[in-house]
Amino acid sequence: MVSRTPIDSPTAEARGNDAASEDDLDARTVGGRRGIWFAAIAAALILWAFWTFFRIQWRWVQSDLAEWAHTLLAPIGAAFLVWIDRDRLAALKPGSSLVGPIAIALGGAWFAISTCVPVSIVNSHNSRGAAVVLCVAGIAAVLLGRGSWRVLWFPALYLLVFGQCIGSRVLAPITLELQGIAATWGYHLVGMFGFTASRSGTVISVLHDGEWNPVNVAEACSGIRMLPAVFAGAVPIGWWILDRFWSRAVFLTATFLLAIVLNAMRIVFMAVLATRDERILDGDLHSAISDLWTLPVLVLAIFVAWALVPFNRDDPEADESELPVPPPSLPGASLAQRFANPRTGWVAAGLLLLAASGVGLRVATASLGIEAEKREARLRQPLATLPPRLGPWRRLGEDNVLDSQTVEVLGTPHYLERNYTFADATPNDPVGVLKVHIAYYSGDPDESPHVPEVCWVGQGMTIDGPAEIRPLRLTIPGVRVDPNLANLDTGDPYPIVDLVHPVTRAVEAVVLPVGELRLRISRFKDPAEPRTVHLGGYFFIANGRLTPRADDVRSLAFQLYQRYAYWAKVEFDAAIPAGPDEGVAMDAYVARVESLLSAMLPELMRRMPDWPTLEREGRDD
């Protein structure tokens with residue numbers, strides 16, 4: 001006799017399978033919570049271990065939110081890229097691997113090296129950012145298992161490029177090239193729209209009502225601000241819509257070209273508006289209009305991705321980078337299940353390595369007395385308070401006040417541009433007027449010095465021969481030396497001079513910088529002035545020391561053991577007649593710089609930070 005089981009009555013085997021499924025679901029739920037806890041603990045440890053990096057990063061974002069706002073959204077974009085490839089991650093064979101812990105160990109060691117080694121290429125914000133990204137990728141590999149780096153490398157690269165502020169030392173050469181491209185394309189587009197225009201370097205002048213209206217394609221207008229923001233938003237969208245390597249490459253190329261073209265159109269738009277009101281080029285309105293041009297680039301980029309979809313789907317050949325996705329019934333097929341079952345031992349090892357990195361870094365910096373984050377050394381008085389009369393020199397006219405766009409390019413609000421004229425100059429004197437430009441910086445180790453070799457060339461001038469370095473011999477009466485007051489880095493005693501306050505008549509001892517005072521002089525030719533040679537001579541004061549080389553500024557100003565950091569560029573510009581007497585005029589220029597600087601240097605150092613006090617503050621603690 002055959003017994004039949006009703007259809008609606010579950011068999012013992014079915015009931016067993018249901019119970020097993022319920023048990024598996026409960027296990028996944030518990031495991032998923034454990035995986036989330038592991039991820040949260042890892043995030044907290046990364047934030048704690050590398051706190052100095054995140055604090056400096058946040059300070060940069062606050063200083064220029066328009067330029068670095070995309071770095072705040074980059075972690076979301078990286079997580080979205082991981083989610084896009086969730087099936088490829090789920091298809092990878094689960095298992096333990098040393099890759100994650102090794103990456104965390106290497107990242108922690110690299111962060112410590114880039115903090116404690118006084119090599120400028122290694123000791124930088126972006127070098128430490130790479131170490132943090134390596135640790136994040138290592139934790140992700142630990143949580144998601146063996147082979148996940150075959151998928152995670154691209155989100156990690158995305159986070160590295162768009163998740164941190166890039167120092168001007170890295171961006172400067174790229175920005176210079178983009179400025180030239182933007183100015184060239186903008187100039188041609190202005191002509192295509194029917195306007196008469198001329199270009200000199202990165203300055204486009206538009207003729208309107210008989211007057212030339214110049215528009216300077218500054219660093220912020222080069223596209224260096226638009227490109228990172230556009231790519232940070234476009235890359236996740238393109239990767240979501242497209243899944244073939246070739247289509248993604250075409251999409252990225254098209255997005256880059258769109259950003260360049262629309263940036264040139266933005267320059268044309270601003271140049272035309274400037275013919276109506278020059279105030280549009282200054283202030284928040286200019287920045288707001290410029291930032292709005294990012295939106296059409298993103299919209300067009302999305303349109304390009306949508307247009308590539310039919311070709312992307314019709315590709316008959318399989319992409320070798322694609323990994324087979326197993327059916328959901330196979331073990332490891334679900335990314336949720338994969339995340340829910342991390343290898344506890346490897347996760348614990350990763351977390352311990354992160355904690356060890358944080359502890360080791362703090363112990364090393366404390367025992368070695370290293371100040372990883374520099375504090376701002378404030379000016380004692382504004383630079384504009386320099387006396388209008390300095391020995392035989394008198395101020396000529398009013399100080400030049402830069403517009404907000406130029407100040408943004410300069411990188412500091414602490415500057416002085418003033419013309420001084422020599423009281424005893426004759427009509428035939430080759431150097432009767434010197435233009436003084438002083439820019440002061442503090443606390444930012446990755447700011448790149450602005451020098452005439454870059455700025456003047458960008459304005460259309462050409463360098464006329466190699467630079468010269470001339471020693472300066474100043475005549476400062478009453479200079480004395482106190483052997484008990486020496487620079488802690490070199491051991492050289494500081495020169496000291498007494499200044500009398502013009503009102504209170506109180507005597508103040510002013511400390512002068514140490515080192516040999518030398519002036520780097522570059523010669524320039526302006527195509528519009530072929531009979532004139534423009535001279536740009538400068539030197540730097542960095543943490544109480546002197547140098548004529550921009551490359552030496554960072555090594556002097558950002559010493560590992562100093563709590564504070566500052567540097568200032570002091571520049572003297574002049575124009576001399578071209579011809580056979582240029583050598584005589586050059587000698588006259590150097591003599592006039594010596595004359596003016598002899599009276600100006602003590603007054604300038606009175607306004608600079610009291611470095612002998614600041615350099616001892618951290619070491620005496």
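The values are calculated or read from the model by the stated rules, or taken from the named source; none is laboratory data. Please read these numbers as outputs of a predicted model, since none were measured by experiment. Because the Cβ atoms are built from the backbone with ideal geometry, glycine has one as well, and the counts that use them run over all protein chains shown. Remember, those area values only see protein heavy atoms, side chains included, never the ligands or the DNA or RNA. Shrake-Rupley method; radii C 1.70, N 1.55, O 1.52, S 1.80 Å.
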Residues with beta-carbon under 11 Å from that of residue 395, excluding residue 395: net charge, scoring Lys, Arg +1 and Asp, Glu -1?
+1
According to the square roots a ≥ b ≥ c of the eigenvalues of the Cα gyration tensor, what is the shape class of the range 476-540, taking rounded for a/c under 1.5, prolate for a/b larger than b/c otherwise, and oblate for the remainder?
oblate
What is the calculated FRET efficiency for residue 207 to residue 531, with r their C-beta to C-beta distance and R₀ = 22 Å, to the nearest 0.05?
0.30
Report, as a whole number in µm² per second, the diffusion coefficient that Stokes-Einstein gives for the range 436-487 at 37 °C and 0.692 mPa s using the Kirkwood radius over alpha carbon pairs.
208
Cα convex hull of the range 529-621, projected area averaged across orientations, nm²
7.3
Each label sits 7 Å from Cα toward the beta-carbon; between residue 72 and residue 581 the label points are separated, in nm, by 6.1
FRET efficiency, residue 389 to residue 58 (Cβ-Cβ, R0 41 Å, nearest 0.05):
0.40
Provide the net charge surrounding residue 523, with neighbours chosen by a C-beta distance below 11 Å and charges set as Lys +1, Arg +1, Asp -1, Glu -1.
-3
Is the C-alpha gyration tensor of the range 139-200 telling us rounded, prolate or oblate? Criteria: a/c under 1.5 is rounded; beyond that, a/b larger than b/c is prolate, otherwise oblate.
prolate
Order the following by accessible area, largest value first: 448, 114. Probe radius 1.4 Å; ligands, DNA and RNA are ignored.
448, 114
Area accessible to solvent at residue 582, 1.4 Å probe radius, in Å²:
30
Of 227-236, 387-396, ordering from highest average Cβ density within 10 Å down gives 227-236, 387-396
With 0.36 nm assigned to each residue of separation and the Cα-Cα distance removed, residue 455 to residue 352 gains 32.2 nm
Using the Kirkwood radius over C-alpha pairs as Rh, can you work out the diffusion coefficient of the range 42-170 via Stokes-Einstein at 20 °C, viscosity 1.002 mPa s, in µm² per second?
140
Multiply the residue gap between residue 79 and residue 311 by 0.36 nm, knock off their C-alpha separation, and tell me the result in nm, one decimal place.
80.8 nm
Would you mind giving the average projected area, over all directions, of the Cα convex hull of the range 458-595 in nm² with one decimal?
11.3
How big is the C-alpha Rg of the range 407-523 next to the rule-of-thumb value 2.2 N^0.38 Å, as a ratio?
1.37
Cα-based Rg and Dmax for the range 387-472, where Dmax is the largest Cα-Cα distance (Å):
15.6, 45
The range 54-86 and the range 376-418 have their Cα centres apart by a whole-number Å value of 35
Calculate, in nm to one decimal, what residue 613 and residue 257 gain on full extension: separation in residues at 0.36 nm each, minus their alpha carbon distance.
122.9 nm
